[in-house]
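Peer 1: One structure coming up, written as structure tokens, with questions to follow.
Rule-based calculations on the coordinates, nothing more; no lab input. Small disclaimer: the values here were computed from a predicted structure and weren't measured. Every residue, glycine as well, gets a Cβ built from its backbone with ideal geometry; the counts of neighbours run over all protein chains shown.
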């Protein structure tokens with residue numbers, strides 16, 4: 001049975017929503033759990049779920065969801081960790097000093113083989129650094145990268161790197177392409193995924209040195225990578241490619257601009273519909289439609305981004321994650337473990 | 001009277017929509033025009049408008065608009081240019097070889113003082129290069145940058161650089177901040193505009209070397225620039241700052257991702273409302289509301305981006321511009337000329 005270590009103390013809504021989401025996933029997907037953190041706090045949440053027979057998810061547009069839990073069927077393991085790395089702490093120092101922190105201990109659980117993957121909703125920097133130092137790099141990979149999955153009209157796309165490295169080289173972007181393609185194929189089930197380089201124009205000579213040299217490098221190994229060329233920001237969600245390769249600074253800006261644009265558009269829609277009486281009625285009637293759209297683009301559906309390139313699976317969830325997002329993060333962790341994505345990345349470099 | 005040179009041959013809908021938009025602006029804002037390009041083609045459009053007494057704008061969600069024109073009141077000047085620089089041509093070579101192209105001649109009109117500003121909807125690279133070589137740089141400015149104006153819930157923001165430079169230095173970004181602030185204050189009327197650096201986190205130590213060093217540089221001259229620190233992509237449209245400073249590669253990706261996100265969201269909304277009968281009726285009833293939202297975020301409202309840092313005003317319009325967008329571009333050109341934005345940028349460096 002696949003076992004997922006969950007940093008129970010990380011994220012804005014820890015520990016309740018994190019533990020609840022993990023328990024929900026354990027029941028729904030039949031995975032074992034290793035809950036890492038302050039044991040009494042975790043136990044409080046578990047007792048609450050056990051006594052009530054259900055857990056509460058406050059996610060998804062603020063609605064409360066009650067999910068029935070058969071506590072007797074769960075396979076739980078509690079691992080104590082007395083410290084927590086807070087958001088904004090200097091990461092390098094924190095992971096060296098706080099050896100008994102929940103994130104360091106969660107990664108340790110994978111390193112020692114007690115669990116198969118980590119789900120972490122706390123400091124992204126701490127999750128990356130402790131994974132890199134605790135698990136080590138995959139053969140062939142210089143720097144791990146964050147692979148984020150995003151919705152489009154059709155099938156989801158992968159953006160890699162979504163923020164791990166802000167001074168990338170063409171060689172690193174080549175490795176991101178290999179990792180992204182392997183992930184897309186084996187975890188998302190995309191046949192022969194199309195790889196594009198995020199650039200400011202479609203032509204080969206466009207963009208900065210990094211984009212130009214990455215283009216050349218990927219052109220050279222078209223026999224092993226389905227490279228389709230440059231793609232522009234406006235085409236990100238138009239399904240012309242499955243994996244978008246970029247430096248982490250650019251990828252992070254792109255993803256956060258998407259978030260910001262979505263949020264301001266929905267605010268404008270709300271504001272416009274509330275501007276008169278007819279609009280309010282129409283808006284109220286149209287709620288189910290807007291809710292369906294919202295659920296399609298909701299980051300909670302994807303649970304979290306994968307840190308690829310380390311010897312293990314680390315899922316980095318949004319700091320705002322509630323139970324529903326964590327449930328999906330555990331699902332992604334399970335799928336990633338069972339797909340053997342890491343073994344397949346390593347194999348690419350053996351051949 | 002302010003006179004605006006318009007490259008009548010540039011853009012997907014040249015010459016009709018370009019000339020029509022310019023004529024529309026001339027009537028609405030009382031500016032003189034210098035229409036540059038193939039004289040017979042331009043004359044054809046003018047004759048059409050003159051004979052009919054109106055022009056047609058196909059912009060704004062595909063609806064046709066008839067705008068009455070009193071041809072006798074227009075102040076028109078036609079300047080011949082026999083060549084056109086096409087999209088995708090190698091820019092450096094093109095502006096050297098095609099000395100009689102409409103864009104080179106339009107810029108020349110400003111350089112010789114025959115017009116006060118240029119509006120160009122053709123190749124962005126050609127507009128930038130011919131402006132740089134034809135007009136020269138403002139004192140204190142190493143590299144011109146593109147300032148794009150974008151809608152938010154409240155007042156518009158400026159993103160600079162939106163794509164002119166893809167290998168910026170901190171010193172360049174400092175200059176972009178000065179130019180952006182001067183534009184925001186004098187053209188958009190923002191009192192003491194707040195300047196932010198686009199970054200992947202809010203803290204001072206975040207991001208790549210460029211972002212970190214730009215932060216330091218701007219911190220040092222807070223007495224002259226209202227620097228508020230780093231801003232993340234998700235805050236771009238949340239009105240926490242008025243001018244967003246970034247490298248042109250990142251800025252271009254950010255703007256195009258905004259475009260792509262908006263477009264996919266509206267597609268999803270359309271798709272969802274069309275999924276059943278009730279949705280179709282609701283969608284039909286809600287059309288005026290969606291149209292109002294669309295007009296708020298429509299790039300046509302802003303007409304085009306400004307190339308700042310050259311000795312003259314160049315407005316770079318979207319290649320897809322129709323009459324309505326060109327009309328607004330001419331308005332922005334007029335406002336920029338009359339605001340004396342360039343003199344004020346130069347003055348910053350004299351003090």
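Peer 1: Viscosity 0.692 mPa s, temperature 37 °C: what is the translational diffusion coefficient of region B:236-318 from Stokes-Einstein with a Kirkwood Rh over Cα pairs, rounded to a whole number of µm²/s?
Peer 2: 210 µm²/s
Peer 1: What share of the DSSP beta bridges in region A:142-301 is antiparallel, in percent to the nearest 5?
Peer 2: On the way: 4 of 15 bridges.
Of those bridges, close to 25 percent are antiparallel.
Peer 1: Follow-up. Can you give the % of DSSP beta bridges in the protein assembly as shown that are antiparallel, to the nearest 5? Mind dumping the intermediate values first?
Peer 2: On the way: 30 of 88 bridges.
In the protein assembly as shown, DSSP labels about 35 percent of beta bridges as antiparallel.
Peer 1: Here's another thing I want to ask about it. Can you give the FRET efficiency to the nearest 0.05 for residue B:90 and residue A:346, using r as the Cβ-Cβ distance and R₀ = 45 Å? Please list the in-between numbers first.
Peer 2: On the way: r = 43 Å, r/R0 = 0.95.
So, using R0 = 45 Å, E works out to roughly 0.60.
Peer 1: What percent antiparallel are the DSSP beta bridges of chain A, to the nearest 5?
Peer 2: Numbers: 15 of 44 bridges.
Roughly 35 percent of the beta bridges in chain A run antiparallel, per DSSP.
Peer 1: Still on this model: When you look at the Cβ of every residue in A:265-273, what mean number of other chain Cβ atoms sits within 10 Å? Walk me through the intermediate numbers first.
Peer 2: On the way: counts 10, 1, 4, 9, 6, 0, 4, 9, 5.
That average works out to 5.
Peer 1: Over chain B, calculate the relative contact order: mean separation of alpha carbon pairs under 8 Å at least 6 apart, over the residue count, as a percent. Spell out each step's value before the answer.
Peer 2: Working: 741 pairs, mean separation 82.5, N = 351.
With pairs under 8 Å counted, the relative contact order is 23 percent.
Peer 1: Going by average Cβ neighbours within 10 Å, how do the peptides A:311-320, B:255-264 rank, with the highest at the top? Intermediate values should be presented prior to the final figure.
Peer 2: Numbers: A:311-320: 23.9, B:255-264: 22.3.
The most tightly packed comes first, giving A:311-320, B:255-264.
Peer 1: Springs between alpha-carbon atoms under 10 Å, Gaussian network over chain A: tell me which of A:322, A:216, A:105 tops the mean-square fluctuations.
Peer 2: Of the options given, A:216 has the highest mean-square fluctuation.
Peer 1: Once every DSSP H run of n ≥ 4 in chain A is given -39500 (n - 2.57) and the sum is divided by its residues, what mean residue ellipticity at 222 nm do you get, rounded to the nearest 500 deg cm²/dmol? Write down the numbers at each step before the final one.
Peer 2: On the way: 12 runs with 159 residues, N = 351.
It comes out at -14500 deg cm²/dmol, rounded to the nearest 500.
Peer 1: For chain A, what mean projected area does the convex hull of the alpha carbons give, in nm²? Intermediate values should be presented prior to the final figure.
Peer 2: Details: hull surface 74.5 nm².
About 18.6 nm², averaged over all directions.
Peer 1: Give me A:221, A:241 ranked fewest to most by other Cβ atoms within 10 Å of their Cβ, as a rough exposure proxy. If you can, show how the numbers build up before the last one.
Peer 2: Numbers: A:221 12, A:241 24.
If I rank by nearby Cβ atoms, fewest first, I get A:221, A:241.
Peer 1: Please check: in the Gaussian network model of chain A (C-alpha springs, under 10 Å), which one of A:175, A:93, A:27 has the largest mean-square fluctuation.
Peer 2: Of the options given, A:93 has the highest mean-square fluctuation.
Peer 1: Once each part is reduced to its C-alpha centroid, what is the distance from region B:1-52 to region B:210-275 in angstrom?
Peer 2: Measuring centre to centre over Cα atoms gives 34 Å.
Peer 1: Could you calculate the FRET efficiency of residue A:301 with residue A:240 from 1/(1 + (r/R0)^6), where r is the beta carbon distance between them and R0 is 22 Å, rounded to 0.05?
Peer 2: Numbers: r = 22 Å, r/R0 = 1.01.
With R0 = 22 Å, the Cβ-Cβ based efficiency is 0.50.
Peer 1: Can you list, shortest first in nanometers, how far residue B:294 lies from the same residue in the other copies, with each label 7 Å from Cα toward Cβ?
Peer 2: Copy-to-copy label distances at residue B:294, shortest first: 2.4 nm.
Peer 1: Tell me the relative contact order for region A:142-301 as a rounded percent, counting alpha carbon contacts under 8 Å between residues six or more apart.
Peer 2: Details: 249 pairs, mean separation 45.8, N = 160.
Computed value for region A:142-301: 29 percent relative contact order.
Peer 1: Please report the relative contact order for region A:228-316, taking Cα pairs under 8 Å with a sequence separation of at least 6, and give it as a percent rounded to a whole number. Before the final figure, lay out each step's value.
Peer 2: Values: 26 pairs, mean separation 9.3, N = 89.
For region A:228-316, the relative contact order is 10 percent.
Peer 1: Would you mind checking the radius of gyration and Dmax of region A:3-87 based on alpha-carbon positions, in Å?
Peer 2: 12.3, 35
Peer 1: While we're looking at this one, here's another question. So how far, in whole Å, is the C-alpha centre of region B:299-329 from the one of region B:114-136?
Peer 2: Using only Cα atoms, the two centres lie 11 Å from each other.
Peer 1: GNM, chain B, Cα, under 10 Å: largest mean-square fluctuation among B:45, B:119, B:244?
Peer 2: Highest fluctuation of the listed residues: B:45.
Peer 1: Using the alpha carbons of region B:142-303, what is the convex hull volume per residue in cubic angstrom, as a whole number?
Peer 2: Measuring per residue, one finds 116 Å³ for the Cα hull of region B:142-303.
Peer 1: Put one equal scatterer on each alpha carbon of region B:38-112, apply the Debye formula with no solvent term, and list log10 I(q)/I(0) at q = 0.11, 0.14, 0.15, 0.23 1/Å to two decimals.
Peer 2: For region B:38-112, the Cα-only Debye profile gives -0.43, -0.66, -0.73, -1.02.
Peer 1: Can you give the Kirkwood hydrodynamic radius for the protein assembly as shown, in Å, rounded to one decimal and based on Cα pairs? List each step's numbers first, then the result.
Peer 2: Numbers: mean 1/r = 0.0369 Å⁻¹.
Kirkwood radius, the protein assembly as shown: 27.1 Å.
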